[in-house]
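Have a look at the structure below before the remarks.
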Amino acid sequence: MALRGDAVVVVMPTPATGATGPVATWITAAGWAKAARDRWGNAWLVTPEGVLAPEEARALATAPRQPVRPRSGWRRRVPTLLGTVKKDLRDLLRAWRFRNAALDGPWLSHRVAFVVQHHEIFQWAGIRAARRSGVPVVLFVDAPLVWEASKWNVRRPGWGGLLERYGETPQLRSSDLVACVSEEVARKVVELGAPEERVLVTPCSVDVDDFAPGPHGDAVRQRHGLEGRFVVGWVGSFRRFHGIDLLLRAFASAFGSRSDVALLLVGDGFERPRMEQMAAELRIHNAVFTGGVPHSEVAAHMSAMDVATVVDPGHGEFHYSPLKIREYMACGRAVVAPRSGQLARFLGDGDAALLVPPGDVQSLTQALTELEAQPDLRRSLGLRARALIERVGTWHHQISRVEQALEGLGFGGAP
């Protein structure tokens, strides 16, 4: 049984407008949509900002934003619990307004193969559209929201369980396929009620045409005065769970204030001002904080790095699937990553990256020192990383797995 159609609809209920730093969920949704378009011929993203092509969504997700500033005094005094209540009510209202967003659009003149919806509390727009069209719906889950928030110490006393039961579980049970970024997330969605036979692990991936090895990092090095220096880098949205403080401490321990080594931190977010202050306190003189950059320039910034990093602070189960790891690898960078969760399973014995224990500054320091001293090791790691991504790390690979899973569940018809 082969899936039939010439289009896929991807529903992204979360707005990009007003977000701080790059919106990873939008970049992920755009990756799904572009790979689906390559496979079926047409794909659109349905968003609060309108119906977008994959390229438009990626550009919006990484559009320059106002620099992050500390919250004003009165905002800091608002109880966290009250802020959580306000957010949940806002999400309910937003879901109600968005519920019919995918019922009408250019796809009505096409035969839709399936609908993808990004999982959000209360959101049914993609499921409603799929049911009306009589096609399967794939629910893409970065994490169940109440569960993930509790890991970040966001409490919902008295209503968290109800929010899961009525705001998340029904979508998990109603979807034809639930695509999760990691085994940790998959276990949780099954616990919440998703049928195990309809759950598939689909880690975040990369477009190897957009992210590829090459000399395009030279202009970035020149722009930031990094020529001739050994550059350690990181890309992201500066959240507390990114563990940038560990990277700063490891960099300072490994290289001190050497002038021939630099740290390149790309992106923006709430933690950036604190990290800038910490870099100054550690006397890291060659720390470059670029702020947000357009998606079209991310690969060039990665290519400007000799070593690219992902950090796990080690504060609990690592359920994430970072976009950046596969983007680094597609660019042929030598990568240092934590031996955590989905990353450890993907990287295996470490042939394509150096793996360090989560939260271990000393091991991270040693890995950076080793890679700085061994350019041949950096080169071989980069080559093996790119080869691994080409085999199993692309959005096309994940779309193919989704197609096979849906066909295995009985969807489709004679070609």
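The values are calculated or read from the model by the stated rules, or taken from the named source; none is laboratory data. Note that the structure is predicted; figures quoted are calculated from it, not measured. Quick reminder, even Gly has a Cβ in these numbers, built from the backbone with ideal geometry, and neighbours come from all protein chains shown. Areas reflect the complete protein model, heavy atoms only, side chains present, ligands, DNA and RNA absent. Shrake-Rupley method; radii C 1.70, N 1.55, O 1.52, S 1.80 Å.
Give me the angle, in degrees from 0 to 90, between the Cα long axis of helix 361-373 and the longest principal axis of the Cα atoms of the chain, rounded to the nearest 10.
70 degrees
What size of dipole, in debye to the nearest 20, comes out for the chain about its Cα centre when the only charges are +1 on Lys and Arg C-beta atoms and -1 on Asp and Glu C-beta atoms?
Roughly 1360 debye for the chain.
Given the C-alpha centroids of the range 353-408 and the range 256-288, what is the distance between them in whole angstrom?
24 Å
Treat the range 225-354 as a sphere of radius equal to its Kirkwood radius over Cα pairs and apply Stokes-Einstein at 37 °C in a medium of 0.692 mPa s; give the translational diffusion coefficient in µm²/s, rounded to a whole number.
In µm²/s, the coefficient is 219.
Just to be sure I understand, if you calculate percent of Cα pairs over 38 Å apart for this structure, which of (i) 46; (ii) 15; (iii) 21 do you get?
Correct label is (iii).
Note down the nm distance, to one decimal, between modelled labels 7 Å out along Cα→Cβ at GLU370 and at GLU197.
Label-label distance for GLU370 and GLU197, simple model: 4.5 nm.
For the chain, modelled as a GNM with alpha-carbon contacts under 10 angstrom, which of PRO136, PRO157, PRO203 fluctuates the most?
Per the Cα network of the chain with a 10 Å cutoff, PRO157 tops the list.
Just for the chain, what percent of DSSP beta bridges are antiparallel, to the closest 5?
Beta bridges within the chain, antiparallel portion: roughly 10 percent.
Collect residues whose amide H, placed 1.01 Å from N in the peptide plane, falls under 5 Å from the amide H of PHE114; neighbours closer than 5 in sequence don't count.
Residues meeting the amide H criterion: VAL9.
Mean residue ellipticity at 222 nm from the helices of the chain, using -39,500 (n - 2.57) per DSSP H segment of n ≥ 4 over the full residue count, to the nearest 500 deg cm²/dmol?
-13000 deg cm²/dmol
Can you pull the percent of the chain's accessible area that's carbon plus sulfur, 1.4 Å probe, other chains left in place?
On the chain, the fraction of accessible area on carbon and sulfur atoms equals 52 percent.
Which of the trypsin sites (Lys or Arg not before Pro) found in the range 249-299 are in a DSSP loop and have at most 11 neighbouring Cβ atoms, other than their own, within 10 Å?
Answer in residue order: ARG283.
Taking only protein heavy atoms into account and a 1.4 Å probe, give the accessible area per residue of the chain in Å².
About 43 Å² of surface per residue is accessible.
Just to verify a number: FRET efficiency for LYS87 and ALA53, C-beta to C-beta distance, R0 = 35 Å, to 0.05?
0.70
Among DSSP beta bridges lying fully in the range 167-301, give the percent that are antiparallel, nearest 5.
Approximately 10 percent, going by the DSSP bridge assignments.
Provide the FRET efficiency to the nearest 0.05 for the ARG97-ALA387 pair, computing r from the beta carbons and using R0 = 30 Å.
That gives a FRET efficiency of 0.05.
Order the peptides 217-225, 369-377, 31-39, 46-54 from the highest to the lowest mean number of other Cβ atoms within 10 Å of their residues.
31-39, 46-54, 217-225, 369-377
State, to one decimal in nm, how far the label point of ASP351 lies from the label point of ARG401, with both points 7 Å from Cα in the Cβ direction.
Label-label distance for ASP351 and ARG401, simple model: 1.9 nm.
I need the shape label for the range 89-219. Rule: rounded when a/c is under 1.5, else prolate if a/b > b/c, else oblate, with a, b, c from the alpha carbon gyration tensor.
It comes out oblate by the Cα gyration axes.
Measure nothing but the geometry: give the 0 to 90° angle between the long axis through the Cα atoms of 375-392 and the longest principal axis through the Cα atoms of the chain, rounded to 10°.
0 degrees
With a 10 Å cut-off between alpha carbons and a GNM built on the chain, which of SER205, SER150, SER182 moves the most?
Fluctuation is largest for SER150.
Please give the helix 24-40 orientation as an angle from the longest Cα principal axis of the chain, in degrees from 0 to 90, rounded to the nearest 10.
Taking the Cα atoms of the chain, the angle to 24-40 is about 60 degrees.
For the chain, set up a Gaussian network in which alpha carbons nearer than 10 Å are linked by springs, and say which option among VAL116, VAL141, VAL288 fluctuates the most.
VAL288
At GLN362 and LEU409, where each label point lies 7 Å from the Cα along Cα→Cβ, what is the point-to-point distance in nanometres?
In this crude label model, GLN362 to LEU409 measures out at 4.8 nm.
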